[in-house]
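Accompanying notes for the structure given below.
The values are calculated or read from the model by the stated rules, or taken from the named source; none is laboratory data. All values derive from a computational prediction rather than experimental measurement. As a convention, Cβ positions derive from the backbone with ideal geometry for all residues, glycine included, and neighbour counts pool all protein chains shown.
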Amino acid sequence: MSFGLVQSTDISKVKALWKLLFQDSDAFMEYYFDTKTLTNEVLVYKEMEEIISMIHLNPYKIIVNHVIENIDYIVGVGTQPSQQGKGYMRKMMLNTLKRLYNKGHSLTMLMPVDEKIYDGFGFSFIHNRYEVFIEDKNILNDYEDIYKIENVDGKNIHKMEAFYNNQIALTHSICIKRDCNDFNNILKELISEGGSIINFYKNDLHIGYLMFYNTEDLFDVREILYADYSALKSILGYIKSIAKSNKLKINTHNQGIHYFIPYGDKSKIILKPTIMGRIINVEKFLKLFNIEENFNINIKVNDFIINENNDIYKWINEFECNTIIKTNDTPDLELDISTLLEWLFGYIDFKSLVNLGKIKINNHEIYHKFMDIKMNNNIYINEIV
């Protein structure tokens, strides 16, 4: 039994395992293995000539408080059905997390099919999205034909990068950095599954875009970005005008969409935890956060997966200058690695984490200080693979 990077001679076996586990179309498989595997790492457990388990590490750049970090987004996690339940995936994940630590990464992320798989490895949810389900598209307003519509292709993909940067990268404290190459890959992925991207303009001003799949059974919106509510109203009207199906599903990260969805038995809006994260290197991770308040705090972090993280950290924040050092001083508070991520990404506030018993307080002055500090949870992450 061996663990490591897949050899080029075994890519066909990885493809076969992916097809067996995820049942993706041939067109999507061609896109993924012709495009994503040019830059990613595929880690496998191999016994004799058989691939037993695999994990794919797809590289992205994440912006955290104006700092750009390289991360690996975990996808394609799976084990041969005949070998499941034997602990291979646990060994895979443990080795993968150690590999990410040795690569110098501060964190990693994934979109789980089942969160229980990852709870025991120090992952926690960091981001939610809204899923809008509409049974009858006719409850939406009609489309106002005052906007210019443009199909996105390789020639105008740069316009999406500029719009994304203005709407997301410049306004969110945490988001995935996208460039033209990233949007081109997203377009290829959409096309492989019959999807499209539309840009919207008003008076030659780019006011939104729509990524979607339009089938007889469902109009499925993968991503919708807009400059303001007027643009959103128009895009929803456009969806109504072109949808082949009466049934719509819209994935969005802005709850403002509920202003335009009539309440009733023909619609529902669900807040769904979507992205999980995992701190890989505590020191590097803490340095990403310059908090306006001055403080000097000792934090005991429990991490029983990556032992190098299992320590006490003195975190000194003065005049938004961040210093992190390991110490033997008595900790002011204690928490585990997943709770630290929930707190600093603003997914759960400090007071609630204490009340939930996820943070142990040894210094009540620190408790009262951090109880009033609100972490910025303005996050946008919507990557699939």
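Taken as a whole, the structure leaves PHE133 outside the set of residues that are part of a loop (DSSP other than H, G, I, E, B) and at pLDDT 95 or above.
Just the residues that are farther than 19 Å from GLU283 by Cβ and among the charged types (D, E, K, R), please, taken from the stretch 326-364.
Result: ASP349, LYS351, LYS358, LYS360.
Being aromatic (Phe, Trp, Tyr), over 25 Å from the mean Cα position of the chain (by Cα) and closer than 25 Å to PHE123 by Cβ is a property that does not hold for TRP343. If you go through the stretch 150-201 and keep only what is part of a loop (DSSP other than H, G, I, E, B), surrounded by fewer than 17 Cβ atoms within 10 Å (Cβ to Cβ) and either modelled with pLDDT under 95 or at positive phi (or both), you end up with ASP153, GLY154, LYS155, ASN156, LEU170, THR171, GLY194. Using the structure shown, decide if ASN328 is in a loop (DSSP other than H, G, I, E, B), out of contact with any helix residue (DSSP H, G or I) (no Cβ under 9 Å at 6 or more places or on another chain) and in contact (Cβ under 8 Å) with a residue 60 or more places away in the chain. Against the criterion (in a loop (DSSP other than H, G, I, E, B), out of contact with any helix residue (DSSP H, G or I) (no Cβ under 9 Å at 6 or more places or on another chain) and in contact (Cβ under 8 Å) with a residue 60 or more places away in the chain), ASN328 does not qualify. THR274 versus (1) of a type in the set (Ser, Thr, Tyr); (2) farther than 30 Å from LEU187 by Cβ; (3) under 23 Å from the mean Cα position of the chain (by Cα): which is the lone unmet condition? That leaves (2) as the condition not met.
Just wondering, is there one or more residues in the stretch 259-276 that are of a type in the set (D, E, K, R) and either assigned to a loop (DSSP other than H, G, I, E, B) or without any contact (Cβ under 8 Å) to a residue 12 or more places away in the chain (or both)? Steps first, answer last, please.
Pass one, the stretch 259-276, residues of a type in the set (D, E, K, R): 265-266, 268, 272.
After this cut, where a residue has to be either assigned to a loop (DSSP other than H, G, I, E, B) or without any contact (Cβ under 8 Å) to a residue 12 or more places away in the chain (or both) as well, the list is 265-266.
The answer is yes, given that some residue of the stretch 259-276 is of a type in the set (D, E, K, R) and either assigned to a loop (DSSP other than H, G, I, E, B) or without any contact (Cβ under 8 Å) to a residue 12 or more places away in the chain (or both).
For the residues TYR45, TYR60, TYR73, the requirement of being buried (at least 21 other Cβ atoms within 10 Å of the Cβ), within 22 Å of ILE191 (Cβ to Cβ) and in contact (Cβ under 8 Å) with a residue 24 or more places away in the chain singles out TYR73. Scanning the stretch 248-258 for residues that are within 12 Å of LEU140 (Cβ to Cβ) and assigned to a helix (DSSP H, G or I) yields one hit, ILE257.
Looking only at residues in the stretch 230-277 that are over 30 Å from LEU97 (Cα atoms) and touching a Ser or Thr at 6+ places or on another chain (Cβ under 7 Å), the one that is modelled with the lowest pLDDT is ILE261.
Tell me the residue from ILE373, ILE381, ILE280 that is at pLDDT below 95, within 27 Å of LEU170 (Cβ to Cβ) and of a type in the set (A, V, I, L, M), please.
Numbers: ILE381 fails: at pLDDT below 95; ILE280 fails: at pLDDT below 95.
Going through ILE373, ILE381, ILE280 in turn, just one is at pLDDT below 95, within 27 Å of LEU170 (Cβ to Cβ) and of a type in the set (A, V, I, L, M): ILE373.
Note on the stretch 28-57: residues that are farther than 18 Å from ARG99 by Cβ and more than 24 Å from the chain's Cα centre (by Cα) total 4. Every test in (1) acidic (Asp, Glu); (2) crowded, with 17+ Cβ neighbours inside 10 Å; (3) within 17 Å of LYS369 (Cα to Cα) is passed by GLU318 save one, and that test is (2). Apart from one condition, PHE219 fits all of (1) more than 23 Å from ILE384 (Cα to Cα); (2) in contact with a Ser or Thr (Cβ under 6 Å, 6 or more places away or on another chain); (3) modelled with pLDDT of 95 or more; the exception is (1). In the set (1) without any contact (Cβ under 8 Å) to a residue 24 or more places away in the chain; (2) more than 27 Å from PHE22 (Cα to Cα), GLN84 fails one condition alone, (2). Of the residues ILE337, ILE384, ILE324, which is exposed (fewer than 13 other Cβ atoms within 10 Å of the Cβ), among the β-branched types (Val, Ile, Thr) and closer than 30 Å to TYR73 by Cβ? After applying the criteria, what remains is ILE384. Is it the case, given these coordinates, that ASN294 is touching a strand residue (DSSP E or B) at 6+ places or on another chain (Cβ under 7 Å), closer than 30 Å to ILE168 by Cα and at pLDDT below 95? Judged against the criteria, ASN294 is a match.
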